Amino acid sequence: MPILLLTALGALLRFYAIGRQGFWFDEAYTDFLVQRSPGHMLGLIPHLESTPPFYYCVAWLWSRIFGIGPAGLKSLSALCGTLTIPLVYAAAAKLLPSRRAALIAAALAACNPLLVWYSQEARAYEMLVMFCAATLVAFAYVRERPHRVAVAWWAATCSLALLTHYYAVILVAPEAAWLLYLHRRSRALQVGIGAILAVGLALLPLAIQQDSTRNNHWIAKASYLLRLRQIPALFLIGPETHARTLVKFLAFALVALSVALLLWRSRRVERRAAMLPAGLALAGLLLAAVPGHSTLLGRNVLPLWMPAAAVVASGLGAARARLAGTAATVVLCAIGIFAVISVDTDVKFQRPNWQLVARALGPWPAPGQGQMDGRIVVVQDNPGIMPLGLYLKDLQYIRQTTLPQVTEIDVIAALPHRHLGGFCWWGSECNLVPSRLHRRYVIPGFRVVGRSYVRDFGILRLRSSAPRTVAVSELPTPTPDEGKHFIRSGPPRLRDAMLIERA
């Protein structure tokens with residue numbers, strides 16, 4: 001009964017208002033891909049994505065049933081996140097000697113804000129978490145006895161995890177090494193590991209081709225120590241929350257308490273059991289931090305959340321620390337729920353909703369405009385804004401130096417606030433570069449006809465009385481009295497996203 005209630009709580013946190021947030025840049029690729037035919041989608045994945053194809057195949061089928069809108073696509077991840085909760089419980093119940101510790105692990109999974117965040121994102125990460133949790137369950141059974149059925153289950157879940165994301169290897173490899181050490185003479189285990197290796201080798205050409213696109217090379221440009229330092233806080237309180245500093249250090253203190261309880265208030269059998277998930281988490285982290293340092297990122301090491309949570313649950317569920325452990329668990333779960341509610345109630349913490357911006361721009365051609373007239377959309381200081389193209393289907397990036405027959409220019413700015421900018425990669429508004437919307441811009445033949453605000457975006461609308469030819473180098477320059485706000489856009493190096501739309 002308790003695990004059913006925890007699963008229901010986790011489902012509520014994951015499915016509540018799931019369609020409220022729009023698609024951010026990475027999710028826009030998922031939406032773009034699942035709208036193609038299966039063959040076309042699979043042909044594009046090597047060029048557009050950095051992960052294997054399994055998630056997109058499932059998402060393609062899912063979207064045909066539940067739709068390609070935010071709620072439809074994100075609900076697949078929400079389901080995966082919900083199913084993760086009983087899987088975490090099953091794994092902890094098998095690996096740890098205490099059912100109480102297993103329930104604590106499930107409670108932490110249900111309320112964890114990072115798992116909720118990726119349960120509301122149309123990407124492969126929560127499916128990866130679910131399959132990795134399933135590998136832990138199967139691993140626990142194979143560790144006890146390498147029966148054919150258990151090994152087949154473990155090999156299948158490991159293969160599905162690898163087919164979902166390459167970083168599944170940071171959990172699969174330590175599990176395989178541990179099992180091989182324990183049951184090195186088991187024929188069934190040897191066959192199972194061989195099958196997993198075959199899947200990995202089959203994925204290798206795709207991984208090499210995707211790496212050649214350099215889609216992931218932006219990660220290595222960021223400070224390695226910063227990326228490494230982000231992981232503990234992300235695992236505990238997620239990417240966004242109110243009172244972040246206070247909440248973070250309180251969560252750190254509770255984890256330290258769990259370690260202290262494990263060391264001094266647990267039984268020997270509990271400490272010995274905790275060493276296994278601790279070893280898996282440590283081995284996986286070393287694998288990610290050393291060979292995989294160029295792509296080390298908090299979301300990529302999500303497979304390690306489950307064994308790490310099992311170690312924390314071992315301390316909080318220690319037999320001789322019931323009161324302290326229960327109190328700490330309640331506070332940790334309350335912190336997680338507080339962080340989830342922070343995101344649900346503050347648009348600054350959410351993914352930017354480009355659908356609302358598209359609605360404010362309106363369809364094109366607008367009333368009074370001809371079928372051949374064009375509209376230019378300039379997003380200040382943000383060069384890659386694919387999500388807007390999901391809602392304005394005729395938008396195309398500007399490739400030429402001059403554009404004929406233009407009657408409207410719309411300038412969009414992500415308005416400054418303290419949560420905007422800086423190094424963040426998890427898809428909330430912080431990914432946008434802030435800029436101010438000026439009163440007017442010097443563009444020959446165009447005048448300001450309107451200014452509007454949509455959440456944290458400002459839109460300035462300029463129109464010409466007749467269709468004009470516009471040079472890209474003219475777009476857009478603030479008036480001299482307002483100063484040089486940003487570098488003028490134009491070939492060969494664009495600073496802004498500049499798009500043209502025609503009917």
Problem - Mean Cβ neighbour count within 10 Å, used as a protection proxy, ranking 339-347, 60-68 highest first - result: 339-347, 60-68
Exercise for the section: Could you go through the range 207-224 in sequence order and give the Karplus-derived ³J(HN,Hα) for each residue, using 6.51 cos²θ - 1.76 cosθ + 1.60 with θ = phi - 60°, rounded to whole Hz, and x for Gly and Pro? Expected result: 4, 5, 5, 5, 5, 5, 6, 6, 4, 9, 6, 5, 5, 5, 6, 8, 4, 5
Practice task
Given the peptides 437-447, 73-83, 6-16, 394-404, arrange them by the average over their residues of other C-beta atoms within 10 Å, most packed first.
Solution key: 73-83, 6-16, 437-447, 394-404
Fill in the blank from the handout: Diffing the range 35-50: the Karplus 3J(HN,Hα) column from phi (6.51, -1.76, 1.60, θ = phi - 60°), in whole Hz with x for Gly and Pro, holds 7, 7, 5, x, x, 5, 4, 5, x, 7, 4, x, 9, 9, 10, 10
Practice task
Please turn the phi angles of the range 122-130 into ³J(HN,Hα) values with the Karplus equation 6.51 cos²θ - 1.76 cosθ + 1.60 (θ = phi - 60°), one per residue in order, whole Hz, x for glycine and proline.
Solution key: 7, 9, 7, 5, 6, 5, 4, 4, 4
Handout entry: Sum of side-chain charges, ALA273 neighbourhood, beta-carbon under 11 Å (Lys, Arg +1; Asp, Glu -1)
Key = +4
Practice task
Which order do the peptides 92-100, 140-148, 372-380 take when ranked by the mean count of other beta-carbon atoms within 10 Å per residue, highest first?
Solution key: 372-380, 92-100, 140-148
Practice task
Compute the acute angle (0 to 90°) between the alpha-carbon long axis of helix 99-111 and the principal axis of greatest extent of the alpha-carbon atoms of the chain; round to the nearest 10°.
Solution key: 0 degrees
Exercise for the section: Please determine, in degrees from 0 to 90 and to the nearest 10, the orientation of helix 2-15 with respect to the longest principal axis defined by the Cα atoms of the chain, where the helix direction is its Cα long axis. Expected result: 10 degrees
Handout entry: Projected area averaged over orientations for the chain, convex hull of C-alpha atoms, nm²
Key = 24.8 nm²
Fill in the blank from the handout: With +1 on the Cβ of every Lys and Arg and -1 on the Cβ of every Asp and Glu, the dipole magnitude of the chain about its Cα centre, in debye rounded to the nearest 20, is 1160 debye
Completion exercise
At the level of C-alpha centres, the distance separating the range 325-404 and the range 27-81, in angstrom, is 19 Å
Exercise for the section: Report, in degrees rounded to the nearest 10, the 0 to 90 angle that the Cα long axis of helix 322-345 makes with the longest principal axis of the chain. Expected result: 20 degrees
Practice task
Indicate the gyration tensor shape class of the range 250-340 (rounded, prolate or oblate), computed on the Cα atoms with a ≥ b ≥ c the square roots of the eigenvalues: a/c under 1.5 is rounded; otherwise a/b larger than b/c is prolate and the rest oblate.
Solution key: oblate
Handout entry: Helix-only mean residue ellipticity at 222 nm for the chain, each DSSP H run of n ≥ 4 adding -39500 (n - 2.57), per residue, nearest 500
Key = -18000 deg cm²/dmol
Handout entry: Shape of the range 131-175, Cα gyration tensor, a/c cut at 1.5
Key = prolate
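Every number in this text was worked out from the coordinates using simple rules, so none of it is lab data. From a predicted model like this one, the values you see are computed outputs, not experimental measurements. All Cβ positions, glycine included, derive from the backbone under ideal geometry; neighbour counts span all protein chains shown.
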